[in-house]
Amino acid sequence: MTPTIYYCYDAYCGWCYGFSPVITRIFGEYRSVLAFEVLSGGMILPREPQPIGVTAGYIQEAYKTVEERTGIRFGEDWKWHIFHPEDSDWYPSSEKPAIAMCVFREYHPDLCVPFSAELQYALHFEGRDLTDDEAYRHLLEKYKIPEAEFYQKLRDPAYKAKAYEEFALVQQLNVTGFPTVFLQVSDKRFYLLSRGYTDYSTFKNTLDETLLITERREGPSSPDEGLSQ
């Protein structure tokens, strides 16, 4: 089988947003020799919709740490909702962006990594509400996806079911935080490349070392043994 990168992320994850330039660069450099899959993690799935004010206080401080460590910048429109939660109409949920990813995959299965970065930029920089259908319209033209088809599928219960199957798969992989990246080299052999934010150089070195190990038919047999801190 073609070695496959599994990028477990969530559209609402700030650390994933910070990691998006790293995984996008890796995708560009390795897409000719590796397959790439994006799995949505379902980080925010409240039983009842919760306003952004529930977590705004924490995010007001946490985003600064993400900026300092990753170099990413959060947009002013996003910040407005975080610092004015009493006036915001945001009720975050990971469900719709995960469904959108399932729909997108049918049109461009080889471009899910850049699309994940597009979703994160739309939210964290442009301040688009990913629970709003309109948040995706500007991407449809860019990726030449028929609008009517996309929105019909976005509302189709079958694609919602696909998204929840994806959430369950991420749980089966014992992912406890985002972003998490695995390399699969056979039906039974996975390597854990990173858990949490990892800078480009560290991630690339870990990936190259792991690929070298697999070429020699050596190395750990469980994901955790392949983790590089």
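Here are some notes:
- None of 17, 7, 107 is farther than 18 Å from residue 181 by Cβ and either surrounded by 20 or more Cβ atoms within 10 Å (Cβ to Cβ) or out of contact with any strand residue (DSSP E or B) (no Cβ under 6 Å at 6 or more places or on another chain) (or both) except 107.
- Screening 139, 130, 123 for residues that are open to solvent by less than 40 Å² (accessible area, probe 1.4 Å), under 19 Å from the mean Cα position of the chain (by Cα) and closer than 18 Å to residue 19 by Cα leaves exactly one candidate, 123.
- Matching residues, segment 100-154, being assigned to a helix (DSSP H, G or I), over 22 Å from residue 35 (Cβ atoms) and of a type in the set (Ser, Thr, Tyr): 121, 136, 151
- Condition check for residue 191 on (1) without any contact (Cβ under 8 Å) to a residue 24 or more places away in the chain; (2) of a type in the set (Ser, Thr, Tyr); (3) crowded, with 19+ Cβ neighbours inside 10 Å: one failure, at (1).
- Selection count, segment 20-45, where residues are crowded, with 21+ Cβ neighbours inside 10 Å, touching a strand residue (DSSP E or B) at 6+ places or on another chain (Cβ under 6 Å) and of a type in the set (Gly, Ala, Ser): 1
- The combined condition, being free of Cβ contacts under 8 Å to residues at least 60 places away in the same chain and not small (Gly, Ala, Ser), is fulfilled by residue 146.
- All positions within segment 66-117 that are hydrophobic (A, V, I, L, M, F, W, C) and more than 16 Å from the chain's Cα centre (by Cα): 74, 78, 80, 82, 83, 90
- Given (1) in contact with a Pro (Cβ under 7 Å, 6 or more places away or on another chain); (2) part of a helix (DSSP H, G or I); (3) among the aliphatic types (A, V, I, L, M), index of the condition residue 44 fails: (2)
Residue-by-condition table, conditions (1) at pLDDT 95 or above; (2) of a type in the set (A, V, I, L, M); (3) under 17 Å from residue 130 (Cβ atoms):
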| site | (1), (2), (3) |
| --- | --- |
| 20 | yes, no, yes |
| 31 | yes, no, no |
| 45 | yes, yes, yes |
| 49 | no, no, yes |
| 77 | yes, no, yes |
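- Within segment 75-92, tally of residues that are assigned to a loop (DSSP other than H, G, I, E, B) and without any contact (Cβ under 8 Å) to a residue 60 or more places away in the chain: 9
The values are calculated or read from the model by the stated rules, or taken from the named source; none is laboratory data. Because the structure is predicted, anything quoted here is derived from the model rather than measured. Heads up, the Cβs are rebuilt from the backbone with ideal geometry, glycines too, and the neighbour counts pull from every protein chain shown. What goes into the accessible areas is simple: the full protein's heavy atoms, side chains included, and nothing from ligands, DNA or RNA. Shrake-Rupley method; radii C 1.70, N 1.55, O 1.52, S 1.80 Å.
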